[in-house]
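Take a look at the structure set out below.
The values are calculated or read from the model by the stated rules, or taken from the named source; none is laboratory data. The model shown is predicted, which means the values in this text are computed figures rather than measured ones. Every residue, glycine among them, receives a Cβ derived from its backbone with ideal geometry; neighbour counts consider all protein chains shown. Each accessible area value is taken on the protein alone, full model and side chains, heavy atoms only, with ligands, DNA and RNA left out. Shrake-Rupley method; radii C 1.70, N 1.55, O 1.52, S 1.80 Å.
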Amino acid sequence: MRTDTRGVAGFFEDLPVLLLVLAGVSSVALTGAWCTDQQADAARQEGLSAAAEALVRAAVLVASDGGPSTLTVGSLFALEPEDLEVNAAGCVGWAVVIEVLHPVGDRHEISFDGLDDLPPDLGYACELVNAVYEGDMTAVVEVTGVAW
Amino acid sequence: MRGEGAVSGQLALMDALVFLAVAILVSSAMMGHVGDPAGDALSFSDAMPHPTVDILTVLMRASLGVQMTVDLGRELALPADTSFAECLLLEARAMLGGADEAAFGAFEARLLDVLDSLLGPSLRGHIHVSVSEDVEPPLVCIEHSPVESLQVSAASQRLSDDGVRTTAILLVEPALGLEPLRV
């Protein structure tokens, strides 16, 4: 055991070593913090996308209450926010847009706005379906869901 | 002693350098594991707004929307609620029977208009109809111009199995002049 303490250096007496060690520790710590933030962002984005998909599926299911053959453009346009809001649990706001692509024309929007400005992160989902339109015609309708 | 202290100081510096190098390697490995999702390259099919098979399915079930007539020697009326699948099958059978494709010009124009509205301005679609196993050359080609891009997404749907197996094929490519979709 060393009894001569004159040769023992204090913690701050070897500054280059201290700086190198601090640089290494900072590198690992900052990278860990950045990675955690990235994964949190990715998880949040996945959640928003899943909510948008749930909104689109719910819109089609609620409108085709009796089965796929009973889906009409009228029943899609009759959807209200109360019919869909349970599928957007956890979202600040959401919107569903129903647009008749063929024959081109009508468009209907259902939304629940939770913010004044559009946020940077959005979940998006879109689906094409066939729906009965004006009698016996089969139309092509695009149902789009956005959640934030 | 001075000599011993100098040797200890040099060893400590080397240890610190090794520690820094290992720390940088660990940081790089962590960043590589998390990755950058925005840099992942998607295939052309992945970047389309809707899967090609979905577009073909809804298109085939959709109705004409307007009444049309086809001149096959005798005028044949197609009601507005006739599906595009039924019309394509009718055209394929007429062509097998020797009819002129020009007789279906109005129907083909209508089909292309609807397909354009489903795909949007950045994509271009082609409808081919083939019989039996002979995919090339197709019996019916409904398109603005032949396929030009190497990036093509395709889907097929059987229109009929009775007697002659008839298949509709949808080919989707980037519209002329646009770069291939890449993220």
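What the table shows:
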| read-out | value |
| --- | --- |
| Every residue from the stretch A:106-145 that is away from chain B (no Cβ under 14 Å) and either buried (at least 21 other Cβ atoms within 10 Å of the Cβ) or at pLDDT 85 or above (or both) | A:110, A:122, A:123 |
| Strands (runs of 3 or more DSSP E) wholly inside the stretch B:57-135 that include at least 2 residues being open to solvent by 50 Å² or more (accessible area, probe 1.4 Å), more than 21 Å from residue A:132 (Cβ to Cβ) and of a type outside the set (D, E, K, R) | none |
| From B:155, B:80, B:94, B:103, residue being of a type in the set (Gly, Ala, Ser), touching a residue at least 40 places away in the same chain (Cβ under 8 Å) and touching a strand residue (DSSP E or B) at 6+ places or on another chain (Cβ under 9 Å) | B:155 |
| Count of residues meeting criterion [at the interface with chain B (Cβ under 8 Å from one of its Cβ atoms) and modelled with pLDDT under 80] in the stretch A:90-105 | 1 |
| Among residues of the stretch A:42-62, those that are open to solvent by less than 90 Å² (accessible area, probe 1.4 Å) and without any contact (Cβ under 8 Å) to a residue 24 or more places away in the chain, counted | 3 |
| Qualifying positions in the stretch B:17-31 - open to solvent by less than 60 Å² (accessible area, probe 1.4 Å) and more than 7 Å from chain A (Cβ to nearest Cβ) | B:21 |
